Amino acid sequence: MAEIVDSVRVCGADRQLAALTSMHDLVVAARPVPEAPPIAVLVVRSPSSGHVGSGHVLIEHRSTTGHDDHLVRPSVEAVPLFWRLVAQKFGIEPVPVA
């Protein structure tokens, strides 16, 4: 999860994404965040969340329409998977910093 947060900060996407954390999860939404629900979010779940096994990450898209997605991949694929879903669901692409 720290690598996901670092990648967001490095490319400046923290101006386009808002996030909060729970004890085990990272919840991300596109900015500006609506004042009232429903709000589309990506939920990144670590193995300590109890939702996914050791060495894996679960990323859920919770949509405003109920057409939700969830993907489980090895933890080493967390950052590319996160950005793929951010681009696909929110239309935000990481901009590499030179």
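Per residue, the average separation of C-alpha pairs within less than 8 Å and at least 6 apart gives region 57-98 a relative contact order of 30 percent. The candidates Phe82, Phe90, arranged from most to least accessible area with a 1.4 Å probe in the full protein assembly, appear as Phe90, Phe82. If you sort Glu3, Glu35, Glu60, Glu77 by accessible surface, 1.4 Å probe, largest first, the order is Glu35, Glu3, Glu77, Glu60.
Average accessible surface for the chain: 61 Å² per residue, computed with a 1.4 Å probe over protein heavy atoms with every protein chain in place.
Under the convention that each Lys and Arg Cβ holds +1 and each Asp and Glu Cβ holds -1, the size of the dipole of the chain around its Cα centre is about 80 debye. Looking at the square roots a ≥ b ≥ c of the eigenvalues of the Cα gyration tensor of region 45-98, which shape do they give, rounded for a/c under 1.5, prolate if a/b is larger than b/c, or oblate? Taking the square roots of the gyration eigenvalues as a ≥ b ≥ c, region 45-98 is oblate. Across 10 Å bins from 0, what is the distribution of all Cα-Cα pair distances for the chain, in whole percents? With a bin width of 10 Å, the distribution comes to 16, 52, 30, 3.
Measuring with a 1.4 angstrom probe and ignoring ligands and nucleic acids, Asp6 comes out at about 80 Å² accessible. Carbon-plus-sulfur accessible fraction, the chain (probe radius 1.4 Å, protein heavy atoms only): 56%. For region 10-27, backbone phi angles converted through the Karplus equation (6.51, -1.76, 1.60; θ = phi - 60°) give residue-by-residue couplings of 4, 8, x, 6, 5, 7, 10, 10, 10, 8, 9, 10, 10, 4, 10, 10, 10, 10 Hz, Gly and Pro being listed as x.
The values are calculated or read from the model by the stated rules, or taken from the named source; none is laboratory data. Since the structure is predicted, the reported quantities are computational estimates derived from the model, not experimental observations. Here the Cβ is made from the backbone with ideal geometry for all residues, glycine too, and neighbour counts use every protein chain on show. Protein only, heavy atoms only, side chains kept; ligands, DNA and RNA dropped before computing areas. Shrake-Rupley method; radii C 1.70, N 1.55, O 1.52, S 1.80 Å.
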